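Nothing in this text is a laboratory measurement; each read-out follows from the coordinates by a stated rule. Everything numeric here is computed off the predicted structure, so don't read it as measured data. Cβ sites come from the backbone with ideal geometry, for glycine too, and all protein chains shown count toward neighbours.
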Amino acid sequence: MECIFGLVGDGFALVVTDTSQVQSIVVQKTNEDKIMILDSHKLLGVTGESGDRVQFSEYIQKNILLYQYRNGIPLSTSAAANFTRGELATALRKNPYEVNMMIAGWDKDQGPSLYYLDYISTLHKVEKGGMGYGAYFLLSLMDRYYEKNMSLEKALELVDMCIEEVRSRLVVSPPNFIIKIVDKDGARELAWRRTVEDKQGPPSAAAPIASPMAEDVSV
Amino acid sequence: MSITSYNGSALIAMVGKDCFAIASDRRLGVNFQTIACDFQRIFKIHDHLYIGLSGLATDVQTMHQRLNFRHKLYQLREERNMRPETFASLVSAMLYEKRFGPYFCEPIIAGLNDDGTPFICTTDLIGAKQLAKDFVVSGTASESLYGACESMYKPDLGPDELFEVISQALLASVDRDCISGWGGIVHVVTPNQVITKTLKGRMD
């Protein structure tokens, strides 16, 4: 039950996704970073089919950088969003990518912007948006509490409200979320919201439980 | 749900006295969920030619980009703007090219000829052109739109009256269709000016 949403505030844009990697009924990991940093001032949050998600977002990231290297100037957020849409649209009637995206960026002349791009390559510039089952709860919550030019503190309060709503009301809700921000200082990770920690490292080095066969079972 | 009613749309174009009006709703939805209330469905090709595209939003955007490209190329080659009939034929041909894998959009073309007479036409998703003398409609609310336009339309309306008629017809129809609405936008085009107004209807 992947969840992605984003909003634009005063001089910044936030993108939030869940961080669960799920295969059928198994949660493989709960710290999967689904928000790719495309370049210094762009974020691409992606959810959907896992293979497509990684392949397509890496492809877009490399092409955005290639443009910058070839031409000496970075793409604007609008250009990057439209390029991504074009790639999705071209693939749509051949071998479609099943990925939903929120693209956030900050431009010197435009300020922050956020784009909704769904899996059939419908692109729309929005102030707030979300996709997935979580969006059924979040969109109305954001309609009620979102204001234009929110400060970062108020925006994070809204984000936390949204995450709480998803956690409490969505049947198979993801435990952890990642929040990334893009503003004049660049695109970077802002915070995590965890309820479950992935176990790190190999299994414990303590002595293994004795096997019944190790004991002398002579009758 | 049918692919053409995935995003929801409503479009009308009407002919007046030496002017035309083209109007659309503004909702962008995904089935029953509303994503935005400021989606653009009517695009300016040149000062006296507008195209409105209903149906699947991604194909609306793709068609608009392709048509823009073709018209700009035409402008470079011919050093003039395309006439509305020519453009309608272009749209029809482009749609029929994809006969066995079509764009799921149904355009309305509205323009002013060189002599100032208005021209409107619509095509289906595979390019069957339909010219009309009074009004054309398209979108998920098309059945309501036909009824509303038929009863409200009068020939030879001036720009202001035409704006009133087309707005009322649009708002009345989208109120009966749950997947279109959330406001409207109307362009009234005369030989000398374009008046664009946004409508606030029932936002639901």
Scalar couplings 3J(HN,Hα) for the stretch B:16-32 by Karplus 6.51 cos²θ - 1.76 cosθ + 1.60 (θ = phi - 60°), nearest whole Hz, x for Gly and Pro, are x, 7, 6, 7, 9, 10, 10, 9, 9, 7, 10, 7, 10, x, 10, 6, 9
Is there a quick way to get the dipole size of the stretch B:84-162? I mean about its Cα centre, with the Cβ of Lys and Arg at +1 and of Asp and Glu at -1; what is the value in debye to the nearest 20? 380 debye
Scan the stretch B:44-88 for trypsin sites (Lys or Arg not before Pro) in coil per DSSP, keeping those whose Cβ has at most 13 other Cβ atoms within 10 Å, and list them by number. B:Arg80
Skipping prolines and chain starts, which residues have an amide H placed within reach, meaning under 5 Å, of the one on B:Gly158, given they are 5 or more residues away or on another chain? B:Lys17
Scattering from the C-alpha atoms of the protein assembly as shown alone, worked out with Debye: what is log10 I(q)/I(0) at q = 0.06, 0.07, 0.08, 0.13 1/Å? -0.31, -0.40, -0.51, -1.14
Relative to the longest principal axis of the C-alpha atoms of chain A, give the angle of the C-alpha long axis of helix A:77-92, reported between 0 and 90° and rounded to the nearest 10°. 70 degrees
Hey, got the dipole for the protein assembly as shown? About the Cα centre, +1 on K and R Cβ, -1 on D and E Cβ, debye to the nearest 20? 760 debye
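Within the stretch B:1-93, report the chymotrypsin sites (Phe, Trp or Tyr not before Pro) that DSSP leaves as loop and that have at most 16 other Cβ atoms within 10 Å. Could the numbers behind the result be given before it?
Values: sites: B:Tyr6, B:Phe20, B:Phe32, B:Phe39, B:Phe43, B:Tyr50, B:Phe69, B:Tyr74, B:Phe87; in loops: B:Tyr6, B:Phe32, B:Phe39.
Counting only loop positions with at most 16 other Cβ atoms within 10 Å, the chymotrypsin sites (Phe, Trp or Tyr not before Pro) in the stretch B:1-93 are B:Phe32.
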Quick one: net charge around B:Pro155, please, counting Lys, Arg +1 and Asp, Glu -1 for every other residue with C-beta under 9 Å from its C-beta. +1
Long-range amide H partners of B:Trp182 with built H, under 5 Å: B:Asp204
The helix A:152-169 Cα axis meets the longest alpha-carbon principal axis of chain A at an angle in degrees, between 0 and 90 and rounded to 10, of 50 degrees
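For every other residue with a beta carbon closer than 13 angstrom to the beta carbon of B:Asp134, add +1 if it is Lys or Arg and -1 if Asp or Glu, then tell me the sum. Write out the running numbers ahead of the final one.
On the way: positive: B:Lys17, B:Lys133, B:Lys154; negative: B:Glu150, B:Asp156.
Its environment carries a net charge of +1.
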Calculate, in nm to one decimal, what A:Gln28 and A:Trp192 gain on full extension: separation in residues at 0.36 nm each, minus their alpha carbon distance. 57.2 nm
Value of [θ]222 nm, deg cm²/dmol, for chain B, DSSP H segments ≥ 4, -39500 (n - 2.57) each, nearest 500: -10000 deg cm²/dmol
Gained length - B:Lys133 relative to B:Met152, 0.36 nm times residue gap less alpha-carbon distance: 5.4 nm
Please build a GNM for chain B, connecting alpha carbons under 10 Å apart, and tell me which residue among B:Asp175, B:Asp59, B:Asp160 fluctuates the most. B:Asp160
Given 11 as the ceiling on other Cβ atoms within 10 Å, longest exposed-site-free region of chain A for GluC sites (Glu not before Pro) in DSSP loops: A:1-196
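Lys and Arg at +1, Asp and Glu at -1: add these up for the other residues within a Cβ distance under 10 Å of A:Trp106 and post the number.
Details: positive: A:Lys42, A:Lys108, A:Lys184; negative: A:Asp107, A:Asp183, A:Asp185.
In short, 0.
Under the classification rounded if a/c is under 1.5, otherwise prolate if a/b is larger than b/c and oblate if not, where does the stretch A:3-193 fall, given a ≥ b ≥ c as square roots of the Cα gyration tensor eigenvalues? Could you put the intermediate results ahead of the total?
On the way: a/c = 1.68, a/b = 1.14, b/c = 1.47.
Oblate, because a/c is 1.5 or more while a/b does not exceed b/c.
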Alpha carbon centre of the stretch A:46-101 versus the stretch B:30-99: separation in Å? 24 Å
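Counting Lys and Arg as +1 and Asp and Glu as -1, each charge on the Cβ, what is the dipole of chain B about the Cα centre in debye, to the nearest 20? Intermediate results must be reported in sequence, preceding the final value.
On the way: 20 positive and 23 negative charges, 115 e Å.
With only Lys, Arg, Asp and Glu charged at Cβ, the dipole is about 560 debye.
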Placed amide H near A:Gly129: partners under 5 Å, 5+ positions off or other chain: A:Gly6
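Anything in chain B that counts as a DSSP H helix reaching 18 Å or more along its axis (C-alpha) with Kyte-Doolittle mean of at least -0.5? List them, would you?
Values: long enough: B:57-78 (31 Å, -1.15); B:84-97 (20 Å, 0.56); B:159-174 (22 Å, 0.84).
Within chain B the helices that satisfy the rule are B:84-97, B:159-174.
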Out of the stretch B:1-107, which GluC sites (Glu not before Pro) are coil in DSSP terms and have no more than 13 other C-beta atoms within 10 Å? B:Glu79
